[in-house]
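Reading through the structure tokens given below for one structure.
The values are calculated or read from the model by the stated rules, or taken from the named source; none is laboratory data. Bear in mind the structure is a predicted one, so any value in this text is a computation, not a measurement. Using ideal geometry, Cβ is built from the backbone for each residue, glycine included, and neighbour counts are taken over all protein chains shown. Quick note on the areas: whole protein, heavy atoms, side chains included, nothing else; ligands and nucleic acids left out. Shrake-Rupley method; radii C 1.70, N 1.55, O 1.52, S 1.80 Å.
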Amino acid sequence: DGGITQSPKYLFRKEGQNVTLSCEQNLNHDAMYWYRQDPGQGLRLIYYSQIVNDFQKGDIAEGYSVSREKKESFPLTVTSAQKNPTAFYLCASSQQGLGGEQYFGPGTRLTVT
Amino acid sequence: GQQVMQIPQYQHVQEGEDFTTYCNSSTTLSNIQWYKQRPGGHPVFLIQLVKSGEVKKQKRLTFQFGEAKKNSSLHITATQTTDVGTYFCAGRDNFNKFYFGSGTKLNVKP
């Protein structure tokens, strides 16, 4: 059963703590993406990676970091420097690079208090 | 900077009525994609348009890409309650930047 998994579904953290969100795909896709979605808003691109060991900043990368050590995995760390971390985080992958058909994971809803 | 604007933000229709959402870009797009996100769910890819003036149909859904490749529309004929959700357009510009529109939230009253 191919797809993208994100864990956990809900995550609660105290302000000042770093937190890492998991994203795994078994679709053999080269490109992976992280988006942030706020209530009633569209998706904003945080980081994307078109190949292993390479990644690029999106529109709102400040306060976030990523790694791409394996093709299947693209974890996102929300650091304490992120001013408003509470949001719904979506991971996606595509066979083509940026702009290709994207497959999304179920998302992680992060709440920081 | 480059933005992809979508209107309307919300649309409430009676079941059986038609629905259209519009997507407008400030610059030329190399492609446009449409996604649907059900309440509480994640976006699901619907279609991609690449050619100027392209029109594609999926059952009751009709997608258009403008001649200038700066705008697009999604039209649903005779809406059903299963059409409820938020519809997003997304496009890649000629500078290899990719943007999602703000989405149109569709509510269908039975």
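Spin-label pair B:Ser30-B:Ser52: with each label point 7 Å from Cα along the Cα-Cβ axis, the two points sit 1.7 nm from one another.
Nearest 100 Å², what total accessible surface is buried between chain A and chain B (probe 1.4 Å)?
Values: alone 6310 and 6160 Å², together 11010 Å².
Approximately 1500 Å², summed over both chains.
Of all aspartates and glutamates in the structure, those lying under 15 Å Cα to Cα from B:Lys109, and not within fewer than 8 positions of it along the same chain, are B:Glu15, B:Glu17, B:Asp18, B:Asp83. For segment A:33-113, the Kirkwood hydrodynamic radius from C-alpha pairs, put into Stokes-Einstein at 10 °C and a viscosity of 1.306 mPa s, yields a diffusion coefficient of 122 µm² per second.
Coupling constants for segment A:82-90 follow from the phi torsions by the Karplus curve (6.51 cos²θ - 1.76 cosθ + 1.60, θ = phi - 60°), and in residue order they are 6, 5, 10, x, 5, 5, 9, 10, 10 Hz; glycine and proline get x.
Can you give me the accessible area per residue for the protein assembly as shown, using a 1.4 Å probe, in Å²? The partial results should precede the final answer.
Working: 11010 Å² over 223 residues.
Using a 1.4 Å probe on heavy atoms only, each residue of the protein assembly as shown averages 49 Å².
Counting only the heavy atoms of the protein chains, how much of A:Cys91 is accessible to a 1.4 Å probe, in Å² to the nearest 10? Spelled out: A:Cys91, probe radius 1.4 Å, area about 0 Å².
What does the charge dipole of segment A:41-113 about its Cα centre add up to, to the nearest 20 debye, if the Cβ of each Lys and Arg holds +1 and the Cβ of each Asp and Glu holds -1? Write down the numbers at each step before the final one.
On the way: 7 positive and 6 negative charges, 31 e Å.
In debye, rounded to 20, segment A:41-113 gives about 160.
Shown are B:Arg38, A:Arg13, A:Arg68, whose ranking by accessible area with a 1.4 Å probe and every protein chain present, most to least, is B:Arg38, A:Arg13, A:Arg68. Across segment B:10-22, coupling constants 3J(HN,Hα) worked out from phi with the 6.51/-1.76/1.60 Karplus curve, θ = phi - 60°, read 9, 8, 10, 10, 7, 3, x, 7, 8, 9, 9, 10, 10 Hz, and Gly and Pro carry x. All Cα-Cα distances of the protein assembly as shown, cut into 10 Å bins from zero to the largest, leave 8, 33, 35, 20, 4, 0 percent in each bin in turn. If a spin label sat at a point 7 angstrom from the Cα of A:Ser67 along the line to its beta carbon, the backbone N atoms of segment A:6-48 nearer than 19 Å would be those of A:6-8, A:17-25, A:32-34, A:47-48. Per-atom-type breakdown for chain A gives carbon and sulfur 46% of the accessible area (1.4 Å probe, protein chains only).
Amide H contacts under 5 Å for A:Arg68: A:Asn53, restricted to partners 5 or more places along the chain or on a different chain, H placed in the peptide plane at 1.01 Å from N. Among B:Asp83, B:Asp18, A:Asp30, the order of accessible area from largest down is B:Asp18, A:Asp30, B:Asp83, computed with a 1.4 Å probe on protein heavy atoms. Taking 0.36 nm per residue of separation and subtracting the Cα-Cα distance, full extension of the segment from B:Thr81 to B:Thr20 would add 20.4 nm. The residues of segment B:43-77 listed by number as losing at least 30 Å² of accessible area in the complex, against the isolated chain and with a 1.4 Å probe, are B:Pro43, B:Phe45.
Placing A:Ser22, A:Ser94, A:Ser80 in order of accessible area, with the largest value first and a 1.4 Å probe, yields A:Ser80, A:Ser22, A:Ser94. Solvent-accessible area of B:Trp34, all protein chains in place: 0 Å² (probe radius 1.4 Å, heavy atoms, ligands and nucleic acids excluded).
Annotation: B:Glu54 carries an accessible surface of approximately 40 Å², with a 1.4 Å probe and no ligand, DNA or RNA atoms counted.
At what distance in angstrom do the alpha carbon centres of segment A:39-113 and segment B:14-53 lie from each other? Using only Cα atoms to place each centre, the spacing works out to 21 Å.
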